[in-house]
1. Looking at Glu144, Glu131, which one is of a type in the set (Asp, Glu), more than 27 Å from Glu261 (Cα to Cα) and touching a helix residue (DSSP H, G or I) at 6+ places or on another chain (Cβ under 6 Å)?
2. So which of Glu277, Glu284, Glu261 is in a helix (DSSP H, G or I), farther than 28 Å from Ala142 by Cβ and modelled with pLDDT under 95?
3. Six or more apart or on different chains, Cβ under 7 Å: which pairs go from a residue in the range 248-265 that's in contact (Cβ under 8 Å) with a residue 40 or more places away in the chain to one that's part of a helix (DSSP H, G or I) and surrounded by fewer than 19 Cβ atoms within 10 Å (Cβ to Cβ)? Could you list them?
4. Taking the range 165-203 only, how many residues are without any contact (Cβ under 8 Å) to a residue 24 or more places away in the chain and not basic (Lys, Arg)?
5. Looking only at the range 200-220, decide whether some residue is within 25 Å of Leu264 (Cβ to Cβ), in the same structural domain as Asp265 (by TED's automatic domain parsing) and exposed (fewer than 13 other Cβ atoms within 10 Å of the Cβ).
6. Test Gly238 against the stated conditions and say whether it is within 18 Å of Thr166 (Cβ to Cβ), assigned to a loop (DSSP other than H, G, I, E, B) and either out of contact with any strand residue (DSSP E or B) (no Cβ under 6 Å at 6 or more places or on another chain) or free of Cβ contacts under 8 Å to residues at least 60 places away in the same chain (or both).
7. Name the residues in the range 140-163 that are in contact (Cβ under 8 Å) with a residue 40 or more places away in the chain and of a type in the set (A, V, I, L, M, F, W, C), would you?
8. Within the range 102-125, how many residues turn out to be closer than 17 Å to Arg84 by Cα and of a type outside the set (Asp, Glu)?
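The values are calculated or read from the model by the stated rules, or taken from the named source; none is laboratory data. Just so it is clear, the model here is predicted, and its values are computed rather than measured. Heads up, the Cβs are rebuilt from the backbone with ideal geometry, glycines too, and the neighbour counts pull from every protein chain shown.
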Amino acid sequence: MIKGLTLLRSASTPAAFDRLGSFFAALGFEPGPGWVNGANRGSSFRAPLATIEWIDGAADTPADLLIEVTSLGAVRDAAEAWLRAHAAEGATEAETLQSLQATLSRIEPTVWKTELFTAEPVPGIRIAFWEWAEPLKGKPAAMEGDLVVTGMRFAIVVARWNAVITDRLLQGSLDALLRSGARREDIEIVRVPGAWEIPDAARTLAETGRIDGIITLGVLLRGETAHYEAIYNEVSRGIGQSQQETGIPHAFGVLTCETLEQALDRAGLKAGNKGFEAASAAIEMVSLKRKIKAAPVQGSAL
C-alpha cells in the first residue's frame with residue numbers, strides 16, 4: 001500500500017535551513033516532526049495531497065518543486081510579505097524592490113491552463129506555486145468539503161474486539177487526521193468492547209456538543225456466526241440514526257468481511273486502510289456542513 005510521498009532537498013547552510021523553515025511556515029504548511037541526528041537535522045512540512053509526475057520528452061518546468069494552492073493571489077501576497085520581512089539587513093527600499101524582482105515573479109498564465117508564480121526564498125531553491133485558471137472546467141459549480149481541519153474536534157469510537165484489525169484502522173484514522181492538521185488534543189479516542197456498543201458510545205459523544213465529527217471503527221466477521229447480519233444491521237442503523245438525529249457527521253468505518261484475511265487486506269495490507277478513508281470522509285463532511293451553514297441564502301423569500 002502506498003502511503004505518502006516525501007521530497008528530500010538539502011539546504012546549503014544552516015541559515016538557509018532556518019530560512020526555508022520560516023518561509024514554509026509563513027505560507028501555512030502543516031509542520032511535521034523534525035529530527036536531529038548528530039550534526040544533521042531535518043524539518044518536514046505536510047500537505048493534504050501529493051502527486052509524483054513523470055514527463056516523456058523535454059519539459060519547460062519553472063521549478064523542481066510545484067505546489068498547487070487555492071487563492072493564488074493571497075499566497076503570493078504572503079510570500080512577498082515574508083521576503084520583505086527577511087530582506088537583507090540595512091537594505092534600502094530600492095534594494096528590497098530589486099531583490100523582490102529577482103526572487104519573486106508575477107502571476108502569469110501557462111500553456112497548461114493554470115496561473116503560476118515562482119519564489120526563491122534561498123539562493124538555488126526555486127518553488128513554483130500554481131492554481132487552475134478554470135478550476136470548474138465547464139462543469140457546474142458544486143459546494144464540496146475540503147481536508148483542512150482547522151478548529152475541528154473529532155472523536156474516534158473503536159471496538160476492542162478483533163484488535164489486530166481495529167488497531168490498524170485506528171492508526172489509519174489518526175494518520176488522516178494528523179496529516180490534515182488536526183491537533184492531538186482535539187482528537188478523543190473512545191474504546192468499546194465490540195461493534196454492538198459503537199452506536200451507543202457515538203450517540204453519547206454526539207450529544208455532548210463538544211465534537212464536530214465522529215469516526216466509528218470496528219470489524220464483523222461472518223465466520224460461522226448465525227447472527228452476523230443481525231448485528232451488522234443494528235450497528236449500521238444505530239450509527240445512521242445517531243447522525244441523523246444529532247446532526248453530527250458520523251463516518252462509517254465498520255468492516256464487514258467473510259474472513260480475517262479480507263479484514264486485514266482492508267485494514268492496510270492490500271485494499272487501502274478503511275480507517276484512513278473514514279477519517280477523511282469525516283473531515284470532508286464537517287467542512288461541507290460548515291460551508292453549507294455559512295453560504296448566503298439564494299433567491300428571495302416568499
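1. Numbers: Glu144 fails: touching a helix residue (DSSP H, G or I) at 6+ places or on another chain (Cβ under 6 Å).
Going through Glu144, Glu131 in turn, the sole match is Glu131.
2. Details: Glu277 fails: farther than 28 Å from Ala142 by Cβ; Glu284 fails: farther than 28 Å from Ala142 by Cβ.
Going through Glu277, Glu284, Glu261 in turn, the sole match is Glu261.
3. From the range 248-265, the pairs are Pro249/Met285; Pro249/Lys289.
4. 3
5. no
6. Answer is no for this residue.
7. Listed by number, the residues that qualify are Met143, Leu147, Val148, Val149, Met152, Phe154, Ala155, Ile156, Val157, Val158, Ala159, Trp161.
8. Result for the range 102-125: 11.
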